[in-house]
Amino acid sequence: MKFLLVCLLTILFSAEAHTQHVEDPISDNETVLIFTRHAEKAQTGDKDPSLSEAGKKRALKLVTLLRNYDVVDKIYSTPYKRTMETAQPTANLYELPIITYDAKDLEVFAARLLENHKGETVMIVGHSNSTPELINHVMGNNDLEKFDEDDYSNMYIVRIEEGMEPKIKHYVY
């Protein structure tokens, strides 16, 4: 029994040690946009639910993934509890306010992100439908489809250098 417990703990800690980290260095003239959907929401039937316990853990895991960045300059979130609560631990780490945005006109918001945040690192928290659509506007294509309603694990990082095509990297956390 003791051997089985040691094996299980070893597997658990090994899995945690292999958690993906965002480590690529950022150049000074590079714009970095970090997109994620809100974490798991509580199943309360409420129109604006808070995060569940699993969602709170995922929001903290997001901070762990982003800890390698020296700075996050701005954080945007839709004005819902679940998105704001997903962004809050990262906002606390970087001592930033969370700026709300309206997901009804994502094309305009994408243009604003690209114009107003050149050379900055910006995190944007949205929803299963709005996050991929916003990324598509930034990338200038329609490659991403709506996230599955039960999938809260996607994070995309778009890196833009002046005069270059944007580069996108997908992380699962």
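The values are calculated or read from the model by the stated rules, or taken from the named source; none is laboratory data. Note that the coordinates shown come from a computational prediction; the quantities given were computed from them, not determined experimentally. Cβ coordinates were reconstructed from backbone atoms using ideal geometry, including for glycine residues, and neighbour counts include every protein chain displayed.
When the residues of the range 65-92 are filtered to those that are exposed (fewer than 15 other Cβ atoms within 10 Å of the Cβ) and not acidic (D, E), the one that is modelled with the lowest pLDDT is N68. Only one entry in N136, N142, N129, N92 is under 20 Å from T31 (Cβ atoms) and polar (S, T, N, Q), namely N136.
When the range 75-104 is limited to residues that are acidic (D, E) and touching a helix residue (DSSP H, G or I) at 6+ places or on another chain (Cβ under 8 Å), the one that is farthest from N116 (Cα to Cα) turns out to be E85. If a residue has to be among the β-branched types (V, I, T) and part of a helix (DSSP H, G or I) to count, how many in the range 135-160 make the cut? Counting residues in the range 135-160 that are among the β-branched types (V, I, T) and part of a helix (DSSP H, G or I) gives 2. Checked against (1) under 12 Å from the mean Cα position of the chain (by Cα); (2) without any contact (Cβ under 8 Å) to a residue 12 or more places away in the chain, E53 passes all but a single condition, namely (1). Take the residues in the range 109-134 that are in contact with a helix residue (DSSP H, G or I) (Cβ under 9 Å, 6 or more places away or on another chain) and in a helix (DSSP H, G or I); name whichever of them is surrounded by the fewest Cβ atoms within 10 Å (Cβ to Cβ). In this case the residue turns out to be A111. On the basis of being at pLDDT 95 or above, assigned to a loop (DSSP other than H, G, I, E, B), over 14 Å from the mean Cα position of the chain (by Cα) and not aromatic (F, W, Y), does L96 make the cut? Yes.
May I ask you to verify whether L62 is free of Cβ contacts under 8 Å to residues at least 40 places away in the same chain and either touching a Cys at 6+ places or on another chain (Cβ under 6 Å) or surrounded by 15 or more Cβ atoms within 10 Å (Cβ to Cβ) (or both)?
Details: free of Cβ contacts under 8 Å to residues at least 40 places away in the same chain: no; either touching a Cys at 6+ places or on another chain (Cβ under 6 Å) or surrounded by 15 or more Cβ atoms within 10 Å (Cβ to Cβ) (or both): yes.
No: the conditions fail for L62.
Just one of the listed residues (H137, H170) is closer than 15 Å to F35 by Cβ and in contact with a strand residue (DSSP E or B) (Cβ under 6 Å, 6 or more places away or on another chain), namely H170.
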